[in-house]
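Everything on this sheet refers to the single structure shown next.
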């Protein structure tokens with residue numbers, strides 16, 4: 001099979017298309033013929049060698065994908081060859097023609113959701129759900145600000161928050177991005193490139209501030225987020241690319257909580273509940289993944305460059 005292989009950590013030129021053996025499923029595993037693979041920012045950090053937990057070389061990147069089950073291993077009864085599925089984890093990487101997965105990380109894909117959309121579910125929706133409901137404990141009637149909302153995780157958060165009856169403010173740096181977040185359920189779209197945009201938004205927020213802020217770029221925004229919180233407000237840090245200076249009094253004055261998170265820290269029980277809820281939302285139509293750009297598998301290096309550029313509009317996907 002064809003697969004993207006990384007033989008050494010470094011720049012995007014380390015992503016090389018290779019011919020490697022097709023894996024075979026063992027007990028409790030399934031082999032998926034990948035029709036689309038999702039690209040996530042964390043995969044660029046791993047490829048660069050700057051992530052805390054690095055795989056052994058060589059490796060094939062990718063956690064998220066969608067396709068058709070090719071083979072099932074011993075003991076797998078809930079899934080069958082021919083099933084349309086998406087993944088929330090993989091043993092061999094999804095930047096490939098085939099991916100080997102634990103059956104617990106494979107979920108049925110509703111017929112109305114395309115394979116490209118299926119590749120946009122695993123990490124973005126899992127991250128957004130855990131941030132909103134398992135870390136921030138979001139409740140109906142609260143007000144949430146989703147920073148950088150036009151990307152994969154941001155749009156997932158907007159859809160999930162709207163379905164849970166929160167009032168949703170969403171920021172994006174382009175006109176197209178703001179149009180996209182409104183189309184996906186935001187009540188208010190903010191231009192985070194304009195001065196005093198948070199101060200203006202606060203005039204429309206209940207309780208004098210935001211109950212929850214989902215932060216995709218904490219090294220830029222966290223210092224401004226804290227004064228914008230309502231009493232007992234929570235900031236959930238989903239992404240950061242450096243350090244930041246804050247005034248602790250901004251957190252003290254509102255009894256604020258700063259919460260960090262990574263999806264990989266979710267327990268087995270939490271992961272089960274995350275994807276059960278997401279699958280329900282997909283079936284009911286409250287969740288509808290947005291795909292921005294698609295690249296053929298051999299152009300994975302371009303996809304890695306694109307995902308680190310500002311102004312994202314939905315999920316970036318590779319097509320084998």
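The values are calculated or read from the model by the stated rules, or taken from the named source; none is laboratory data. Here the structure is a predicted model, which is why all the values come from computation and not from measurement. As a convention, Cβ positions derive from the backbone with ideal geometry for all residues, glycine included, and neighbour counts pool all protein chains shown.
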Examine segment 14-28 for a residue that is farther than 17 Å from residue 71 by Cβ, touching a helix residue (DSSP H, G or I) at 6+ places or on another chain (Cβ under 7 Å), at pLDDT 95 or above and part of a helix (DSSP H, G or I), and state whether such a residue exists.
-> yes
Say whether the condition of being under 17 Å from the mean Cα position of the chain (by Cα), within 20 Å of residue 308 (Cα to Cα) and modelled with pLDDT of 95 or more is met by at least one residue in segment 130-138. no
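Being more than 26 Å from the chain's Cα centre (by Cα) and crowded, with 16+ Cβ neighbours inside 10 Å is the filter here, so list the residues in segment 247-265 that pass it. Spell out the reasoning first.
If we filter segment 247-265 for residues that are more than 26 Å from the chain's Cα centre (by Cα), which is where we start, we get 247-255.
Hits for segment 247-265 are 250, 251, 254.
I need the full set of residues from segment 138-162 which are farther than 16 Å from residue 127 by Cβ and either surrounded by fewer than 24 Cβ atoms within 10 Å (Cβ to Cβ) or touching a helix residue (DSSP H, G or I) at 6+ places or on another chain (Cβ under 7 Å) (or both), in order please.
Looking only at segment 138-162, we keep the residues that are farther than 16 Å from residue 127 by Cβ, and these are 139-143, 145, 162.
The answer is 139, 140, 141, 142, 143, 162.
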Point to revise | Residue check for residue 281: closer than 26 Å to residue 185 by Cα and either modelled with pLDDT under 95 or out of contact with any helix residue (DSSP H, G or I) (no Cβ under 8 Å at 6 or more places or on another chain) (or both) | key: no
Taking segment 132-184 and keeping residues more than 22 Å from residue 218 (Cβ to Cβ) and in contact with a strand residue (DSSP E or B) (Cβ under 6 Å, 6 or more places away or on another chain) leaves 162, 167, 182
Note on residue 165: of the conditions (1) on the phi > 0 side of the Ramachandran plot; (2) not in a loop (DSSP other than H, G, I, E, B), unmet is (2)
Picked from segment 199-211 (must be free of Cβ contacts under 8 Å to residues at least 40 places away in the same chain and outside any loop (DSSP other than H, G, I, E, B)), the residue surrounded by the most Cβ atoms within 10 Å (Cβ to Cβ) is 202
Those residues of segment 225-242 that are at pLDDT 95 or above and either surrounded by fewer than 19 Cβ atoms within 10 Å (Cβ to Cβ) or not assigned by TED's automatic domain parsing to the domain that holds residue 148 (or both) come to a total of 3
Checked segment 212-245 for anything over 27 Å from residue 309 (Cβ atoms) and either part of a helix (DSSP H, G or I) or touching a helix residue (DSSP H, G or I) at 6+ places or on another chain (Cβ under 6 Å) (or both); matches are 226, 227, 230
Screening 94, 127 for residues that are touching a residue at least 24 places away in the same chain (Cβ under 8 Å), surrounded by 21 or more Cβ atoms within 10 Å (Cβ to Cβ) and part of a loop (DSSP other than H, G, I, E, B) leaves only 94
From the option list 45, 51, single residue qualifying as out of contact with any strand residue (DSSP E or B) (no Cβ under 8 Å at 6 or more places or on another chain), at negative phi, assigned to a loop (DSSP other than H, G, I, E, B) and surrounded by 14 or more Cβ atoms within 10 Å (Cβ to Cβ) is 51
